[in-house]
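Reviewing the structure listed below.
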Amino acid sequence: MSYIQDVRQSIVARNADQPEFLQAVDEVLSTIKPVVESDSVYKNNAILERITEPDRQIMFRVPWTDDNGNMRVNRGYRIQFNNAIGPYKGGLRLHPSVNLSIIKFLGFEQIFKNSLTGLPIGGGKGGSDFDPKGKSEREIREFCQSFMTELARHIGADTDVPAGDIGVGGREIGYMYGQYKRIKNIYEGVLTGKGLTYGGSLARTEATGYGLVYIVKNMLEAASAVNGNSVTIGLSNGIKGKTVTISGSGNVAIYAAQKVTELGGKVVTMSDSNGWVYDPNGINLDVVKQIKEIKRGRIKEYADIVKSAEYHDNGKVWQVKCDVALPCATQNELDVNDAKTLIKNKVLAVGEGANMPSTTEAINAFQAANVLFMPAKAANAGGVAVSALEMSQNSQRLAWTFDEVDNKLKGIMSGIFDKVSEAAKLYATPTDYVAGANIAGFLKVAQAMIAQGV
Ligand code: NDP
Ligand code: 2IT
């Protein structure tokens, strides 16, 4: 049995109850073969066994009281997966579906994503099965404070730096930061995604969505250059003139839509867990922001306000014909049937804003049909990259302008595109960006692990 098969078997045996974690591991193991089998150094240093086993898995009780005075208990998690290249770094997710498998898949992906940014950040992830929907301001605040009361002992600006993810935005980061400061009496960059009045970075809110669109633009432009005059019609001009479908209507979806619109594309869909809207005139983002960022409402309300829009509570946004599809909601939201529909409708490119939004079968279908496909580890790395820039600014005790940060983000996304393309060319096929991202991300971390010994 090969080294990879051997390790895979033992990972499956030890984590049989963690399907999302196994899915994420399988995607990496199935693509890094040419590297791992080319040199015995990886096997001799047990790199695959070590990189798939978190350094530390912290699980804790989070008690809080609801508005009726009832005591409630949720489970908190922080997985410190790998710190070979920098302090553990990765978001916190608050969603009822959160469990160990979900947090481990996210933490595992984060190792490779963070490596691709070129910045000194390791991989980690955390969260809780707390459901923020329908909770009052006071309940959210109390939950966040209780969560941080336990988490504080495990994190620090040079140890582990959490940030937002599903259900955690500026409001929650603020309550958590306040509690950390009270417990530790240290004013340090222990969280990113902070508010602009207390150490947050300009452009962090926009970073994941903007970064996604920057790298999809790089991918379209590179394909049009390679294809010369034959297939350039659909690919030239990057995003300009493209019809784009987006799922989700949270942080990533909103700022991806904003950048697409700014670059001359037209976003025609958005969704939430209840349903989706189609607006053939192009989504009006002021309306979406009002509903989602201010009222914390449902996307259904969009169709009540904008008359050109239709609301559907069945089906998915992927049934709408588009040139570019950007899944920006959650894992496994785009399956092989959705992929087939998109391919039938002549989609040119897919960029993953969410983490692992496409199933393995969907990715295979896109690649077999020559749809340009940029996987999450590369495509949504702009968020954590600007988080790392927030850490730099906090350490320097300086604040950069929006344009400075946005320009650095653009450079980082181009750098990621180059690294991913190079690795794809060298080890797989030139547009196999899945293999490219996994291999380029893996190489740096593996080298750092080897250099640092067991
Ligand atoms: P938000 O909480 O701001 O928004 C999440 C959006 O996805 C909401 O519209 C939500 O709908 C929808 N959604 C969540 N879970 C489900 C579900 N099970 N089924 C259908 N829809 C769902 O989160 P973000 O925008 O921050 O995160 C979106 C994705 O992007 C996640 O996969 C996250 O891991 C990833 N990501 C986020 C980064 C960031 O910087 N924030 C960075 C990189 C990746 P509803 O309100 O109904 O739940
Ligand atoms: O999945 C992700 O990369 C994030 N949720 C952002 C992590 C971060 O530390 O900014």
**Prompt:** Among Leu106, Leu92, which is assigned to a helix (DSSP H, G or I), of a type in the set (A, V, I, L, M, F, W, C), within 11 Å of ligand 1 (Cβ to nearest atom) and surrounded by 24 or more Cβ atoms within 10 Å (Cβ to Cβ)?
**Reply:** Leu106
**Message:** Take residues that are over 25 Å from Leu409 (Cα atoms) and either among the hydroxyl-bearing types (Ser, Thr, Tyr) or at pLDDT below 95 (or both) and tell me which of the helices (runs of 4 or more DSSP H) falling wholly in region 246-306 contain 1 or more.
**Reply:** 300-305
**Asked** Pairs under 6 Å by beta carbon, first residue farther than 17 Å from Ser395 by Cβ in region 111-125, partner of a type in the set (Phe, Trp, Tyr) and buried (at least 24 other Cβ atoms within 10 Å of the Cβ), six or more apart or different chains?
**Response** Ile111/Phe81; Gly123/Phe81; Gly124/Phe81; Gly124/Tyr88
**Asked** Of the residues that sit in region 133-176 and are of a type in the set (Val, Ile, Thr) and assigned to a helix (DSSP H, G or I), which one is farthest from ligand 1 (Cβ to nearest atom)?
**Response** Thr149
**Message:** With the structure loaded, tell me whether Gly315 is touching a residue at least 24 places away in the same chain (Cβ under 8 Å) and within 16 Å of ligand 2 (Cβ to nearest atom) or whether it fails that test.
**Reply:** no
**Message:** Being within 16 Å of ligand 2 (Cβ to nearest atom), of a type outside the set (A, V, I, L, M) and either touching a residue at least 40 places away in the same chain (Cβ under 8 Å) or touching a helix residue (DSSP H, G or I) at 6+ places or on another chain (Cβ under 6 Å) (or both): is that true of Gln258 here?
**Reply:** no
**Request:** Could you tell me whether region 324-339 includes any residue that is within 14 Å of ligand 2 (Cβ to nearest atom), closer than 14 Å to Val434 by Cβ and in contact with a Phe, Trp or Tyr (Cβ under 7 Å, 6 or more places away or on another chain)?
**Result:** no
**Asked** Is there a residue in region 318-326 that is of a type in the set (Lys, Arg) and part of a helix (DSSP H, G or I)?
**Response** no
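Taking the conditions exactly as written (without any contact (Cβ under 8 Å) to a residue 40 or more places away in the chain, surrounded by 13 or more Cβ atoms within 10 Å (Cβ to Cβ) and out of contact with any helix residue (DSSP H, G or I) (no Cβ under 8 Å at 6 or more places or on another chain)), does Asp55 satisfy them or not?
Details: without any contact (Cβ under 8 Å) to a residue 40 or more places away in the chain: yes; surrounded by 13 or more Cβ atoms within 10 Å (Cβ to Cβ): yes; out of contact with any helix residue (DSSP H, G or I) (no Cβ under 8 Å at 6 or more places or on another chain): yes.
Yes.
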**Request:** Being under 20 Å from the mean Cα position of the chain (by Cα) and assigned to a loop (DSSP other than H, G, I, E, B) is the filter; apply it to region 339-359 and report the residue that is surrounded by the most Cβ atoms within 10 Å (Cβ to Cβ).
**Result:** Gly353
**Item:** Unique match (being surrounded by 16 or more Cβ atoms within 10 Å (Cβ to Cβ) and either farther than 22 Å from Gly123 by Cβ or within 16 Å of ligand 2 (Cβ to nearest atom) (or both)) among Tyr187, Tyr175
**Value:** Tyr175
**Message:** Checking the structure you have, find out if any residue of region 75-87 is modelled with pLDDT of 95 or more, buried (at least 24 other Cβ atoms within 10 Å of the Cβ) and under 12 Å from the mean Cα position of the chain (by Cα).
**Reply:** no
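Tell me, please, whether a residue that is of a type in the set (A, V, I, L, M), within 16 Å of Val190 (Cβ to Cβ), buried (at least 20 other Cβ atoms within 10 Å of the Cβ) and within 12 Å of ligand 2 (Cβ to nearest atom) can be found in region 134-152. Quick ask: steps written out before the conclusion?
So in region 134-152, the residues of a type in the set (A, V, I, L, M) come out as 140, 148, 151-152.
Retained after the next criterion (residues that are within 16 Å of Val190 (Cβ to Cβ)): 148, 151-152.
When the remaining residues are screened for being buried (at least 20 other Cβ atoms within 10 Å of the Cβ), the result is 148, 151.
Now restrict to residues that are within 12 Å of ligand 2 (Cβ to nearest atom): none.
Within region 134-152 (the criterion being of a type in the set (A, V, I, L, M), within 16 Å of Val190 (Cβ to Cβ), buried (at least 20 other Cβ atoms within 10 Å of the Cβ) and within 12 Å of ligand 2 (Cβ to nearest atom)), the answer is no, since none of the residues qualifies.
Sort through Asp17, Asp39 and tell me the only one that's assigned to a loop (DSSP other than H, G, I, E, B), at pLDDT 95 or above and within 19 Å of Phe112 (Cβ to Cβ).
Details: Asp17 fails: within 19 Å of Phe112 (Cβ to Cβ).
Unique residue meeting the criteria: Asp39.
The values are calculated or read from the model by the stated rules, or taken from the named source; none is laboratory data. This one's a predicted model, so the numbers in the text were calculated from it and none came from an experiment. Glycine also receives a Cβ, built like all others from the backbone with ideal geometry; neighbour counts cover every protein chain displayed.
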